[in-house]
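So the structure is just underneath, and the comments pick up after that.
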Amino acid sequence: MWHPNEYMEKLYAGITPAECFQAETQQDWRSWRERLRKRFVELLGGIPKGLPELEPVLLESVDCGAYLRQRIQLQTYAGLFMPVYLLLPKERKERTAAVIACHGHGYGSKDLVGLTATGEEKTGEVGYQKNFAVELVKKGFIVAAPELLGFGDRKLTEDADAANSCKRLSTFLLAIGQTMAGYRVVEMLRCLDYLLTRDDVDADRIGTMGISGGGLVSSFAAAIDDRFAAVVVSGYTNTFHASILSIDHCVDNYVPGLSLVADMPDLIGLIAPRPLLIEAGTRDPIFPEPAVREAVDKLRRIYRLLAAEDDLELDLFEGGHEISGQVAYDWLQRVLAAD
Ligand SMILES: [Zn+2]
């Protein structure tokens, strides 16, 4: 009997993304990158001109021993505010390397800084994100962990107890020609703008690390903005076909028309030649391993063309949809020459 799966497969097989990486010279690469970046930003919903002042406000400050945990609020879009945890090592040089840590689905940024959903210190399981912002501050980085739209303190009232708190916001944005991915990327760049206003942050040594939906945000933001000097993408790298288009994912993963323009490794490939570490669990059920390898093969072609193969690293670890950190923390320290 006829089956819709066959139709979908056929439909997908007929698509050749217009900006699939094919460059054979560095000059080809440069024009490919320019074209794809421009198109990518348009599809994300664009970056509004004349964004308002960040107006940073300190919300709290907690002494955590070796570091301070502050929470600030930034104005990202006009009238839209984002809380950000800042982990500040007490012993830091005048100019310190920084990392923006992006959480995935769950209860938001608290999960990265060692807190439960209600704000108490975690005592039991660390969860799939393994407090990675805390691990990074212990390595000497200034860490910023933004609360992504639709999570934690940034949920719609109706979604307070929703199993997936960002679905309704995401569909709303799609209906008005915007995308959740685009909003999160712009807010991420605003967080970067903020770090650049700080005297204690070294502007040339700012990286980002994100997991799952946060891996999307970290990689997409760095793909369009060269101010990120190094990137760790955890639990996200794949092909669109093998993961996002074949497995049930939150609607915040979808950018209308994007698959007509590029595949995921093309987009992540825009980060090249800057240092990039791909972290992936061999048993991750929603970002399957064979397609991680396929994506990294493509990334390797891009890095090779730019004579930067040593700056692309893969940590394929025994594990599921989770942070590893086994390679990532030391790698970031090395490539960002942290204090
Ligand atoms: Zn979502």
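A few comments on the model shown:
- Among residues that are over 19 Å from V327 (Cα atoms) and of a type outside the set (G, A, S), L136 is not included.
- D297 vs. criteria out of contact with any Cys (no Cβ under 9 Å at 6 or more places or on another chain), acidic (D, E), open to solvent by 10 Å² or more (accessible area, probe 1.4 Å) and farther than 19 Å from I323 by Cα: yes
- Restricting attention to the range 210-255, the residues that are among the hydroxyl-bearing types (S, T, Y) and assigned to a helix (DSSP H, G or I) total 2.
- There is no residue in the range 272-287 that is surrounded by fewer than 20 Cβ atoms within 10 Å (Cβ to Cβ), free of Cβ contacts under 8 Å to residues at least 24 places away in the same chain, more than 16 Å from the chain's Cα centre (by Cα) and in a loop (DSSP other than H, G, I, E, B).
- Taking the range 134-164 as the range and being away from the ligand (no atom under 16 Å from the Cβ), open to solvent by less than 60 Å² (accessible area, probe 1.4 Å) and either within 24 Å of H249 (Cβ to Cβ) or hydroxyl-bearing (S, T, Y) (or both) as the test, only A145 passes.
- If the condition is being open to solvent by 50 Å² or more (accessible area, probe 1.4 Å), within 12 Å of the ligand (Cβ to nearest atom) and either more than 19 Å from I244 (Cα to Cα) or in contact with a Cys (Cβ under 7 Å, 6 or more places away or on another chain) (or both), then the range 165-181 contributes only K167.
- Qualifying residue in the range 290-297 (condition: in contact (Cβ under 8 Å) with a residue 24 or more places away in the chain and farther than 30 Å from Y12 by Cα): no
The values are calculated or read from the model by the stated rules, or taken from the named source; none is laboratory data. From a predicted model like this one, the values you see are computed outputs, not experimental measurements. With ideal geometry, Cβ positions are generated from the backbone for all residues, glycine too; neighbour counts draw on all protein chains shown. SASA here: full protein model, heavy atoms, side chains in, ligands and nucleic acids out. Shrake-Rupley method; radii C 1.70, N 1.55, O 1.52, S 1.80 Å.
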